[in-house]
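Comments concern the structure below.
The values are calculated or read from the model by the stated rules, or taken from the named source; none is laboratory data. Keep in mind the model is a prediction, meaning the values are calculated, not measured. Cβ sites come from the backbone with ideal geometry, for glycine too, and all protein chains shown count toward neighbours.
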Amino acid sequence: MAFTSLLYVSVSTLTPEQEREEVDKIVGVAQRRNAELSVTGALIFTGTHFAQLLEGPVDGVDALMRSISRDPRHNSVTVVDTGEATRRLFPDWSMAYFGHSRYIDRFVGPLFASSEDRPRTSIDRLIGLMQEFTLSN
Ligand SMILES: Cc1cc2nc3c(=O)[nH]c(=O)nc-3n(C[C@H](O)[C@H](O)[C@H](O)COP(=O)(O)O)c2cc1C
């Protein structure tokens, strides 16, 4: 079965009062449902943006993206990188979560640019940071 990886960024619609409870709910559902679909990955919440990498069977990633893209807790869902993958970057994480990584926001903002202006270095940096965080946790 084809195996794919997808990275998107989005704009949070959560108020500071909602953040904690809603992000807890997202991560709880994600860990359960992603495990069922053999999808792994990582989610970053910067306070204003989300960035999420999903990897696994195409059908599973597609099903998740259908749910995720109509979720009112964020908008402007922008896929910045997708393609076939040969190995998982997060094999041990149904969904690794890193909250309030404000420092990371500087790499997320530029990714909303149109595809030809999207800096590859920001994409690589973001994925690299996700990996560093999982290694140190
Ligand atoms: C930023 C963000 C990331 C999410 N990531 C996941 C995820 O990785 N897996 C998942 O099952 N749901 C995730 N969700 C929740 C889904 O949007 C959805 O609520 C949930 O999968 C239930 O699907 P349904 O609404 O189609 O029943 C995420 C939501 C948001 C706002």
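Scanning the stretch 45-78 for residues being closer than 11 Å to M95 by Cβ and near the ligand (Cβ under 8 Å from one of its atoms) gives a total of 3. Within 10 Å of the ligand (Cβ to nearest atom), small (G, A, S) and in contact with a Phe, Trp or Tyr (Cβ under 8 Å, 6 or more places away or on another chain): is that true of A42 in this structure? So A42 fits the description; yes. Screening the candidates S12, S38 for the property of being closer than 15 Å to P72 by Cα, modelled with pLDDT of 95 or more and polar (S, T, N, Q) yields one hit, S12.
Note on the stretch 1-39: among residues that are in a helix (DSSP H, G or I) and away from the ligand (no atom under 11 Å from the Cβ), the one that is farthest from E84 (Cα to Cα) is E17.
Counting the residues of the stretch 15-61 that are surrounded by fewer than 19 Cβ atoms within 10 Å (Cβ to Cβ) and hydrophobic (A, V, I, L, M, F, W, C) gives 5. The residue pairs whose first member lies in the stretch 21-33 and is closer than 13 Å to F50 by Cα, whose second member is modelled with pLDDT under 95 and more than 8 Å from the ligand (Cβ to nearest atom), and whose beta carbons are closer than 8 Å, counting only pairs six or more residues apart or on different chains, are V23/Y97; V23/G99; V27/Y97. In the set S115, S94, S122, only one residue is within 28 Å of A2 (Cβ to Cβ), among the polar types (S, T, N, Q) and under 13 Å from the mean Cα position of the chain (by Cα); that residue is S94. Scanning the stretch 96-129 for residues that are modelled with pLDDT under 90 and either in a strand (DSSP E or B) or in contact with a Gly (Cβ under 9 Å, 6 or more places away or on another chain) (or both) yields F98, G99, H100, S101, R102.
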